[in-house]
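Student: Following this message is one structure expressed as structure tokens.
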Amino acid sequence: MKENGLVLELANELFSIACEENRSRESEMANGIEGEKEHGRMVLLWVGKLVKNPSVELQLSALFHDIDRVVTPGVGEGFAGDRKSKAYKSYKKTHAKRSADYICPKLIEKGIGHKVVERTRFLILHHDDTGAEISRLCDEELDVLVAADSLAFFSSVGPRLYELEGKDRLRDKIRFMVEKMPKFARTLLSSERFENEVFNRLKDEVLGEQK
Ligand SMILES: [Fe+2]
């Protein structure tokens, strides 16, 4: 069994390899490689803020939950339709599965234990479930992952989405993120202030709708 620090070192190495292997198709990634690296870093950072000693599985899932957007350029990113539709839900589930299917065998190849990898797979598979599905699973680590992913959205991914799709689509996406956030994360979000005032106005508006 590898020590946690070593696992995370291997994980960072795997993330970099995925980025380099797909660099030639970066133009098909809405956030670009640097944007995806930043998102992974921000989700990890939020995980560290939300729990004292996060498990290695939680950290691996924070880093790789969206690896699909790097390794499946042109497919893993961007949904033009209605984010309340069944099609969007299935798109998100497929995205989560592609991320898990890509990274889990690579973690096994690197000698990470099956138990760690299976737990990481579970967390990645469910990170984009609906709020109702997530609360039914009653999994504290999944709640933290979803909270960290949603909180990180406002400083990574969100700004690029706003630039590409405008205010109404951003509001729509914030609704999707807030809807799946556990209650503690919504409370945290309500007191967060972001650099961009549009983000502050929209998240306050969406949080207000949930009350
Ligand atoms: Fe994410």
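Student: Looking at M29, M1 in this structure, which one is modelled with pLDDT under 90 and open to solvent by less than 30 Å² (accessible area, probe 1.4 Å)? Don't jump to the end; show me each part of the working.
Tutor: Details: M1 fails: open to solvent by less than 30 Å² (accessible area, probe 1.4 Å).
The conditions single out M29.
Student: While we're looking at this one, here's another question. Does any residue in the range 83-96 that is surrounded by 12 or more Cβ atoms within 10 Å (Cβ to Cβ) come within less than 7 Å, Cβ to Cβ, of a residue that is among the polar types (S, T, N, Q) and not in a helix (DSSP H, G or I) six or more places away or on a different chain, and which pairs are these?
Tutor: K89/T130
Student: Continuing with this model, one more query. When you scan the range 188-195, do you find a residue that is within 16 Å of the ligand (Cβ to nearest atom) and farther than 22 Å from S55 by Cβ, even just one? Steps first, please.
Tutor: Of the residues in the range 188-195, the ones within 16 Å of the ligand (Cβ to nearest atom) are 189.
Next cut, farther than 22 Å from S55 by Cβ only: 189.
Yes, because at least one residue in the range 188-195 is within 16 Å of the ligand (Cβ to nearest atom) and farther than 22 Å from S55 by Cβ.
Student: Quick check on my filter: what residues within the range 130-153 are over 22 Å from K106 (Cβ atoms) and open to solvent by 10 Å² or more (accessible area, probe 1.4 Å)?
Tutor: Of everything in the range 130-153, those that are over 22 Å from K106 (Cβ atoms) and open to solvent by 10 Å² or more (accessible area, probe 1.4 Å) turn out to be T130, G131, A132, E133, S135, R136, L137, C138, D139, E140, D143, V144.
Student: Give the residue, chosen from L170, L125, L145, that is in contact (Cβ under 8 Å) with a residue 40 or more places away in the chain, hydrophobic (A, V, I, L, M, F, W, C), closer than 25 Å to K97 by Cα and part of a helix (DSSP H, G or I). Steps first, please.
Tutor: Values: L170 fails: in contact (Cβ under 8 Å) with a residue 40 or more places away in the chain; L125 fails: in contact (Cβ under 8 Å) with a residue 40 or more places away in the chain.
One residue alone meets the criteria, L145.
Student: Please find, among V71, V75, V47, V51, the residue that is away from the ligand (no atom under 11 Å from the Cβ), touching a Pro at 6+ places or on another chain (Cβ under 9 Å) and not charged (D, E, K, R). Steps first, answer last, please.
Tutor: On the way: V71 fails: touching a Pro at 6+ places or on another chain (Cβ under 9 Å); V75 fails: touching a Pro at 6+ places or on another chain (Cβ under 9 Å); V51 fails: touching a Pro at 6+ places or on another chain (Cβ under 9 Å).
Unique residue meeting the criteria: V47.
Student: Condition (residue is more than 13 Å from the ligand (Cβ to nearest atom), open to solvent by less than 60 Å² (accessible area, probe 1.4 Å), modelled with pLDDT under 95 and among the aromatic types (F, W, Y)) applied to the range 161-178: is it met by at least one residue?
Tutor: no
Student: If D101 meets every condition in (1) at pLDDT 95 or above; (2) within 14 Å of the ligand (Cβ to nearest atom); (3) of a type in the set (D, E) apart from one, which number is that one?
Tutor: The number of the failed condition is (2).
The values are calculated or read from the model by the stated rules, or taken from the named source; none is laboratory data. None of the values given here were measured: they were computed from a predicted structure. Here Cβ is always computed from backbone atoms with ideal geometry, including for glycine, and neighbour counts include all displayed protein chains. Surface accessibility is based on the protein's heavy atoms, side chains included, excluding ligands, DNA and RNA. Shrake-Rupley method; radii C 1.70, N 1.55, O 1.52, S 1.80 Å.
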